[in-house]
Structure formats: C-alpha cells, structure tokens
Amino acid sequence: MRALWLVLVSMTLATACGKQDESAAPATEPEPASVAAAEPAIDPATGFRMTGDWELVRGNCTACHSAKLITQQRGTAQQWLAMIRWMQKKQNLWQFDPDTEDRIIAYLAENYPPDAARRRAAIPPDLMPTNPYSTNN
Ligand code: HEC
C-alpha cells in the first residue's frame, strides 16, 4: 500500500515538473521535421554521427588518436581507403577483414564525403603577406 502511494506521488511530481519545464522553455523556432529526421544524432564522446556502423568505426579508429582527426576529414571511399592503407603501412594500424573494412569505409564515405563548401578560393598573390623564406627577394 505504501509503495503504491509512493508511485502515485512520484508520478504526480513527474507530471507537474514536466509541465513546469515546458512552460519555462525558451521560445525557439522548431526545426523543420524533415531536417530533424534526416540528421543523425552526434555522439557526445566522439563527435561521430550515430548512424549505420558508427560503433564499428569507434571501436577500430579511436585507439591511437582522437575521433576529431576523422570527423574533420573528408573523402571519397577511395580516399578513405588510401588513408587506411597509409596508416597500415606507416602507423601500425592493424589489418581488417574485408567485410569490416568495407563497412568502415562505407560509413566514412557516406558520413564524411568530399565537401566543396569547405574549400575556399586561393588568396590572390597581391594579398599574400611577404614570404620570409622566399629566395626571389
Ligand atoms: C594503430 C594506430 C591507429 C589507428 C587504430 C588508427 N589510426 Fe588514424 N592515424 C594514426 C596516426 C599515428 C596518424 C597520424 C597522426 C598525426 O599526424 O598526428 C593517423 C592519422 C589519421 C588521419 C589524418 C590523416 C591526414 O592525412 O591528416 C585520419 C583521417 C585517420 N587517421 C583516420 C583513421 C581511421 C578512419 C581509422 C580507423 C579505420 C584510424 N585512423 C585508426 C594511427 C592510427
């Protein structure tokens, strides 16, 4: 009987608090449903987009360096494969079985593809600072 009473009280409190939170929340523009649904959540620990085989990538790609090295990088499947081969050759990265490798690369190419918007045009030569190492001065 006592347990039931506690349950009822906590349910009432939870409801009351929920209502309070709602009214206290600042009025923000709700995100369009289509955008919100299309974007996967971001893992707070690694910054990885939590979709598909992200946990496989977390398990195999964060032992030696920060996940940020990955999330700030962009590439096609071929470019991601080249980075993996480079690490295998030079940085002691272990070999993957073909299925694991395919899944890791598919995740990377899908979530961190080449991104034209991140590139800027070259700075015109007349706006460049003087190069202290130049030999033509
Ligand atoms: C055995 C250790 C190790 C593991 C595991 C590892 N890496 Fe690396 N990775 C390195 C080292 C060492 C560097 C160079 C770090 C630096 O330059 O500071 C590097 C650099 C990188 C870079 C930057 C490359 C560049 O051109 O700047 C990316 C991207 C990257 N790793 C992605 C991955 C991915 C994806 C995985 C999982 C498949 C992975 N790493 C797993 C050791 C590892």
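The values are calculated or read from the model by the stated rules, or taken from the named source; none is laboratory data. If you're wondering where the values come from, they're calculated on a predicted model, not measured in any experiment. Quick reminder, even Gly has a Cβ in these numbers, built from the backbone with ideal geometry, and neighbours come from all protein chains shown.
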(message) Condition (residue is more than 9 Å from the ligand (Cβ to nearest atom), within 13 Å of residue 107 (Cβ to Cβ) and in contact with an Asp or Glu (Cβ under 9 Å, 6 or more places away or on another chain)) applied to the stretch 89-97: is it met by at least one residue?
(response) no
(request) Can you work out which of the residues in the stretch 54-65 that are touching a residue at least 24 places away in the same chain (Cβ under 8 Å) and within 7 Å of the ligand (Cβ to nearest atom) is farthest from residue 100 (Cα to Cα)? (result) 64
(request) Could you check, for the stretch 66-80, whether at least one of its residues is in contact (Cβ under 8 Å) with a residue 60 or more places away in the chain and either buried (at least 17 other Cβ atoms within 10 Å of the Cβ) or within 8 Å of the chain's Cα centre (by Cα) (or both)? (result) no
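Here's the yes/no breakdown for (1) exposed (fewer than 10 other Cβ atoms within 10 Å of the Cβ); (2) in a helix (DSSP H, G or I); (3) not acidic (Asp, Glu):
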residue	(1), (2), (3)
88	no, yes, yes
93	no, no, yes
99	yes, yes, no
105	no, yes, yes
109	no, yes, yes
113	no, no, yes
122	yes, no, yes
130	yes, no, yes
134	yes, no, yes
(request) Those residues that are exposed (fewer than 10 other Cβ atoms within 10 Å of the Cβ), of a type outside the set (Ser, Thr, Tyr) and at pLDDT 65 or above, I need them from the stretch 14-40; list them, please. (result) 29, 38
